[in-house]
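Participant: What follows is a structure written as structure tokens; I'll ask about it next.
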Amino acid sequence: MSVDVGEGTRAQAFKQQIADMKIPAPNPGRDRLLARLGMLLALVGIALAVVGFLMSHSTENLLNQGDAQVIALIGIACSVTGSAVFLRYSLSQFLRLWLMRLIVEQRGQGD
């Protein structure tokens, strides 16, 4: 699969090769929404962890301290999960383009 680069730029040739692959277009709105939700979940998790920490240090009742520590651990879990979701969806577009470029380059080397 060779494209005549003399007529246009390399970018146009790359776009043409991608169009020839007939790969369905990703939904960038969904990726953006999920990245924002991941960021929001991470921020809420940090807030929960801080609130739980402050609650556990503001009382001497061991039962209340245990409940506050559970809240803090839930906050930490939310922040880790939110960070993972944010990273996955924020990097997806970059990695998709990188993979497509790699495929096109490897096809060019095989010709």
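Coordinate-derived values only; no laboratory data. All figures in this text were calculated on a predicted structure; none of them were measured in a lab. Using ideal geometry, Cβ is built from the backbone for each residue, glycine included, and neighbour counts are taken over all protein chains shown.
Participant: At a Förster distance of 25 Å, what's the computed FRET efficiency of residue 18 paired with residue 84, Cβ-Cβ distance as r, to 0.05?
Facilitator: 0.30
Participant: Quick one: 15, 22, fewest Cβ neighbours within 10 Å first, how do they rank?
Facilitator: Ascending number of Cβ neighbours within 10 Å: 22, 15.
Participant: Just to verify a number: FRET efficiency for residue 106 and residue 53, C-beta to C-beta distance, R0 = 41 Å, to 0.05?
Facilitator: With R0 = 41 Å, the Cβ-Cβ based efficiency is 0.20.
Participant: Also: Please give the helix 10-21 orientation as an angle from the longest Cα principal axis of the chain, in degrees from 0 to 90, rounded to the nearest 10.
Facilitator: 80 degrees
Participant: So for the pair residue 34, residue 11, with labels modelled 7 Å out along Cα→Cβ, what separation do we get in nm?
Facilitator: Result: 2.8 nm between the two label points.
Participant: Would you mind estimating how fast the chain diffuses translationally, via Stokes-Einstein at 25 °C and 0.890 mPa s with the Kirkwood radius over Cα pairs, in µm²/s?
Facilitator: Here the translational diffusion coefficient equals 140 µm²/s.
Participant: Sticking with this one: Pulled fully out, how much extra length does the chain show between residue 95 and residue 44, if you take 0.36 nm times their separation in residues and subtract their Cα-Cα distance?
Facilitator: Fully extending the segment from residue 95 to residue 44 adds 15.6 nm.
Participant: What relative contact order, as a whole-number percentage, does the stretch 27-97 give when Cα pairs under 8 Å and 6 or more residues apart are counted?
Facilitator: Once divided by the residue count of the stretch 27-97, the mean separation gives 48 percent.
Participant: Let me ask something additional. Relative to the longest principal axis of the C-alpha atoms of the chain, give the angle of the C-alpha long axis of helix 28-57, reported between 0 and 90° and rounded to the nearest 10°.
Facilitator: 20 degrees
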